[in-house]
Amino acid sequence: MLGISRWTGASSSYRTMLRFFGTVIPRATLFWLFFRKHLWRENEVYLLARDEVVVSKSGKQTYGLDRFNSCLPSKPILGLSFFALSLVSVERRQSFPIQIEQIIKSDNQTNSTPAIKKVKPKEKRGRGRPKGSKNKNKAEVILTSELLHTIRYKISTLHYKGCCMN
């Protein structure tokens, strides 16, 4: 930050830079207000989309550095992962980010690597439903961490939409 303060000239000091970077900015509210003020068109159709982006990164000191599944090499890579929630304009075919957050794996996600099991050949069973099998309640759903992220971001986006529509 000392380099940044040198480039600002007499207008800012090193302490000013520390205060600026120490300030918490509500980015989701800022993105939403910018979208509503400058990009929103009343008669357009918008879709709410989510995407997880993995950026490869070498090193050991970067905050949030872990192994994340990447679709290009189709394997987990060392890098950073970001979760983006965007509004996509159907007519303009443009995406407007509303919320972007870095994904940090918790300790139980990092340490819970599944052990490799030996595959046993399954015995063929007879036709039809096995005797004594019970119906399963399909309403009981176990939510993964990604689904919980999506639900949380959709709720917060709807909160911003409800508060800032005026």
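The values are calculated or read from the model by the stated rules, or taken from the named source; none is laboratory data. This one's a predicted model, so the numbers in the text were calculated from it and none came from an experiment. Because the Cβ atoms are built from the backbone with ideal geometry, glycine has one as well, and the counts that use them run over all protein chains shown.
Can you spot a residue in the stretch 36-45 that is in a strand (DSSP E or B) and either modelled with pLDDT under 80 or in contact with a strand residue (DSSP E or B) (Cβ under 6 Å, 6 or more places away or on another chain) (or both)?
No: the stretch 36-45 contains no residue that is in a strand (DSSP E or B) and either modelled with pLDDT under 80 or in contact with a strand residue (DSSP E or B) (Cβ under 6 Å, 6 or more places away or on another chain) (or both).
Please count how many residues of the stretch 53-93 are under 30 Å from TRP32 (Cα atoms) and in a loop (DSSP other than H, G, I, E, B).
Final tally of qualifying residues: 10.
Which count do you get for residues in the stretch 46-92 that are surrounded by fewer than 14 Cβ atoms within 10 Å (Cβ to Cβ), touching a residue at least 40 places away in the same chain (Cβ under 8 Å) and among the basic types (Lys, Arg)?
Total meeting the criteria: 1.
For the stretch 93-103, which residues satisfy the criterion of being polar (S, T, N, Q) and either more than 20 Å from THR150 (Cβ to Cβ) or buried (at least 17 other Cβ atoms within 10 Å of the Cβ) (or both)?
Result: GLN94, GLN99.
Checking VAL45 against (1) within 28 Å of SER145 (Cα to Cα); (2) touching an Asp or Glu at 6+ places or on another chain (Cβ under 8 Å); (3) aliphatic (A, V, I, L, M): exactly one of these is not met. Which one?
All conditions are met except number (1).
Evaluate the stretch 54-71: report whether one residue or more is under 20 Å from LEU147 (Cα atoms) and at pLDDT 85 or above.
Taking every residue of the stretch 54-71 in turn, at least one turns out to be under 20 Å from LEU147 (Cα atoms) and at pLDDT 85 or above.
What is the one condition in (1) surrounded by 15 or more Cβ atoms within 10 Å (Cβ to Cβ); (2) modelled with pLDDT under 85; (3) more than 24 Å from THR150 (Cβ to Cβ) that ARG6 does not satisfy?
(1)
Please specify each residue of the stretch 23-44 satisfying the condition of being surrounded by 13 or more Cβ atoms within 10 Å (Cβ to Cβ) and either over 20 Å from the mean Cα position of the chain (by Cα) or more than 14 Å from SER95 (Cα to Cα) (or both).
ARG27, ALA28, THR29, LEU33, PHE34, ARG36, LEU39, TRP40
Can you find, within the stretch 131-164, the residue that is modelled with the lowest pLDDT among those that are within 24 Å of the chain's Cα centre (by Cα) and outside any helix (DSSP H, G or I)?
Among those that are within 24 Å of the chain's Cα centre (by Cα) and outside any helix (DSSP H, G or I), it is CYS164.
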